[in-house]
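Each remark here refers to the structure printed beneath this line.
The values are calculated or read from the model by the stated rules, or taken from the named source; none is laboratory data. Keep in mind that what you see is a predicted model, and the values were worked out from it rather than measured. Neighbour counts run over all protein chains shown; Cβ positions are idealised from the backbone, glycine included. Heavy atoms of the whole protein, side chains included, go into the accessibility calculation; ligands, DNA and RNA do not. Shrake-Rupley method; radii C 1.70, N 1.55, O 1.52, S 1.80 Å.
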Amino acid sequence: MSRPVPDAVILGLLKAQPSHGYDLLERFRSEEHLGHIWRLSTSQLYAVLKRLEEAGAIQGTEVEVSDAPARREYHIKAAGEQQLHQWLLEKQPSASLHRIRVIFLSRLYIAWLLDHPVNGIFQNQIAICKKQLKDFYTVQHRANSEIEHAALDLVINQLSAVIDWLETYQDAAKSDSYLRSNNFKKKDNAKEAQ
């Protein structure tokens, strides 16, 4: 399985607000935003921006800034919006614990940022995790060695904990009416007003 890439996350950030690379990088580094999810270097970010621009998903334009060199500001294009929409509505997300930590949380962040409904995102992730859990139980019952059984038991317990967390957080997201997303939006709006 390939490593997760931040393409759709960047598209979501640009859908929320056209930005230049430094602003995007700050989102990925800020612990209030994506800093606990992604570790992205400056060169990685600009490589993704170049790839997205070459694919026609975004467009960069030079913007003059007083007392500083011109900056390249990126805007999402129709093809990028379509790609973002498909990513947000992914019906078969991965049940990999690493991908849940990176991709699911990124998807949740972007959905909240864009005021996109999150219930379907939770439902799709929970459904695929429950299917994977059932498959692990089936394999565990046929385990031929103690170590195979122990390894599967570890994975089953991890995935069970993730499912519990997903269901709990889904309920919290419903009852809080996106309270968490409104908190980071309020902080962003306060920074912009300064």
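Based on the alpha-carbon gyration tensor of region 123-167 and its eigenvalue square roots a ≥ b ≥ c, which shape applies: rounded if a/c is under 1.5, prolate if not and a/b is larger than b/c, or oblate? It is oblate, given that a/c is not under 1.5 and a/b is not larger than b/c.
Taking all protein chains as present, what is the carbon and sulfur share of the accessible area of the chain, in % to the nearest whole number, probe 1.4 Å? Reported share for carbon and sulfur atoms: 52 percent. Average projection, convex hull of the Cα set of region 11-117: 7.5 square nanometres. Checking the Cα-Cα distances for LYS15/LYS131; LYS50/LYS174; LYS15/LYS174; LYS77/LYS131; LYS91/LYS174; LYS77/LYS130 against a 30 Å cut-off, the pairs over it are LYS15/LYS131; LYS50/LYS174; LYS77/LYS131; LYS77/LYS130.
For region 1-70, what does the alpha-carbon gyration tensor say about shape, rounded, prolate or oblate, given a ≥ b ≥ c as the root eigenvalues, a/c under 1.5 as rounded, and a/b over b/c as prolate? Oblate, because a/c is 1.5 or more while a/b does not exceed b/c.
Answer rounded, prolate or oblate for region 34-91, using the Cα gyration tensor with square roots of eigenvalues a ≥ b ≥ c: rounded when a/c is under 1.5, else prolate when a/b is larger than b/c, else oblate. Here region 34-91 falls in the oblate category. Once the mean of 1/r is taken over each pair of separate Cα atoms and inverted, the chain shows a Kirkwood hydrodynamic radius of 18.5 Å.
Within the shell of other residues whose beta carbon sits under 14 angstrom from the beta carbon of ASN124, the net charge comes to +3, with Lys and Arg scored +1 and Asp and Glu -1. Note that region 1-41 carries a Kirkwood radius of 10.6 Å, evaluated over its alpha carbons pair by pair. Rounded to the nearest 10 degrees, the inclination of helix 78-88 to the longest alpha-carbon principal axis of the chain is 30 degrees.
Residues in the chain average 58 Å² of solvent-accessible surface per residue, probe 1.4 Å, ligands and nucleic acids excluded.
Rounded to the nearest 500, the 222 nm mean residue ellipticity of the chain from helices alone is -20000 deg cm²/dmol, with -39,500 (n - 2.57) taken per DSSP H run of at least 4 residues.
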